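In what follows, a single structure is set out as structure tokens and then discussed.
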Amino acid sequence: MKALFLCAFLVSFVCCTMMGCEGVPCPDNDDKICHPNFTGLVCNEAVPSRPPFPASDATCQPLGGVRDTCAEEADCVEELLCTAGVCIPTQTRIVFVTEGTYTGDLGGLTGADAICQAEADAAGLTGLFKAWISDSQTGPASRFVPSQYPYVLVNGSWVADDWTDLTDGYLESGISVTATGTYAAGYAWTNTLTDGDPHNWTGDPQLDNCLDWTIGGDEAGGQTGIVGVTDPWWTFDIGSVACSRLYRLYCMQQ
């Protein structure tokens with residue numbers, strides 16, 4: 001009898017393993033578990049050792065992986081959060097566009113970073129934020145900490161898989177959401193190529209970056225990106241505009 005029971009257990013275990021049964025509690029009854037059927041995972045009190053599988057009283061939905069839809073955190077696999085209806089990793093880097101608009105006199109890169117940090121703090125976002133912007137010598141490629149984690153908007157929309165994806169020229173979602181979750185449009189001061197290096201289109205700091213982001217008048221110009229687009233124009237738009245214009249900044253968590 002013991003040998004027969006052990007044999008049945010081993011057959012059941014092998015079958016269950018080969019067919020992907022995880023023994024997950026059923027959504028409608030924690031006393032039952034999921035097992036594979038020809039139509040997917042189903043709920044039943046016992047895991048059968050071989051087909052045909054018995055009828056199920058409820059459908060057992062597989063837990064969501066990265067970027068799968070969800071209604072609550074329990075719908076996602078471990079280590080994922082349900083944010084704005086999507087399963088996303090617990091480790092992400094938040095990206096937003098500023099709600100405020102500013103002239104080209106940003107107080108240099110340090111001043112631009114301070115603007116991003118202030119808006120992040122006011123919105124209750126944690127961590128260090130820096131502006132995606134370059135002066136004559138330095139850009140995000142050397143100022144930022146490249147992330148192995150996804151870049152996402154505050155509403156959960158996916159921007160890029162990681163730093164490599166962020167700097168390949170194209171975004172999955174345009175950066176058009178502020179730190180508070182409102183939508184914004186227009187332009188952002190950048191002077192930055194898609195790879196994170198300074199654009200310096202004309203080679204003249206007074207025309208490319210408002211003299212290292214210290215001039216806010218019509219006597220100087222700066223390079224911009226188009227807010228909300230997903231092609232390379234998100235970070236550089238050919239041409240120089242007057243530093244007196246009021247534009248936004250892109251901000252990224254480090």
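Values as computed for the structure displayed
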quantity: Test for Ala185: is it closer than 18 Å to Val97 by Cα, in a loop (DSSP other than H, G, I, E, B) and out of contact with any helix residue (DSSP H, G or I) (no Cβ under 9 Å at 6 or more places or on another chain); calculated: yes
quantity: Subset of region 189-226 [free of Cβ contacts under 8 Å to residues at least 40 places away in the same chain and of a type in the set (D, E, K, R)]; calculated: Asp204, Asp218, Glu219
quantity: So Leu207, is it farther than 24 Å from Trp163 by Cα and at pLDDT below 95; calculated: yes
quantity: Candidate set: region 220-246, residues that are polar (S, T, N, Q) and part of a loop (DSSP other than H, G, I, E, B); chosen: the one surrounded by the most Cβ atoms within 10 Å (Cβ to Cβ); calculated: Thr235
quantity: Contacts under 9 angstrom Cβ, first residue in region 116-137 being closer than 14 Å to Gly181 by Cα, partner in a helix (DSSP H, G or I) and charged (D, E, K, R), 6 or more apart; calculated: Leu125/Glu119
quantity: Of all residues making up region 102-129, the number that are of a type in the set (Phe, Trp, Tyr), more than 25 Å from the chain's Cα centre (by Cα) and surrounded by 22 or more Cβ atoms within 10 Å (Cβ to Cβ); calculated: 0
quantity: Where Leu171 falls short, out of the listed (1) closer than 21 Å to Trp233 by Cα; (2) in contact with a Gly (Cβ under 9 Å, 6 or more places away or on another chain); (3) of a type outside the set (Lys, Arg); calculated: (2)
quantity: Residue list for region 75-101, restricted to those being more than 16 Å from the chain's Cα centre (by Cα) and touching a residue at least 40 places away in the same chain (Cβ under 8 Å); calculated: Thr98, Glu99, Gly100, Thr101
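A quick yes/no check of all residues on (1) surrounded by fewer than 22 Cβ atoms within 10 Å (Cβ to Cβ); (2) in contact with a His (Cβ under 8 Å, 6 or more places away or on another chain); (3) modelled with pLDDT under 95; (4) not assigned by TED's automatic domain parsing to the domain that holds Ala242:
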site: Ala131; (1), (2), (3), (4): no, no, no, no
site: Val154; (1), (2), (3), (4): yes, no, yes, no
site: Gly174; (1), (2), (3), (4): yes, no, no, no
site: Gly181; (1), (2), (3), (4): yes, no, no, no
site: Gly186; (1), (2), (3), (4): yes, no, no, no
site: Trp189; (1), (2), (3), (4): no, no, no, no
site: Leu193; (1), (2), (3), (4): yes, yes, no, no
site: Gly203; (1), (2), (3), (4): yes, no, yes, no
site: Asp218; (1), (2), (3), (4): yes, no, no, no
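The values are calculated or read from the model by the stated rules, or taken from the named source; none is laboratory data. Predicted, not measured: the structure shown is a model, and the values here were computed from it. Cβ coordinates were reconstructed from backbone atoms using ideal geometry, including for glycine residues, and neighbour counts include every protein chain displayed.
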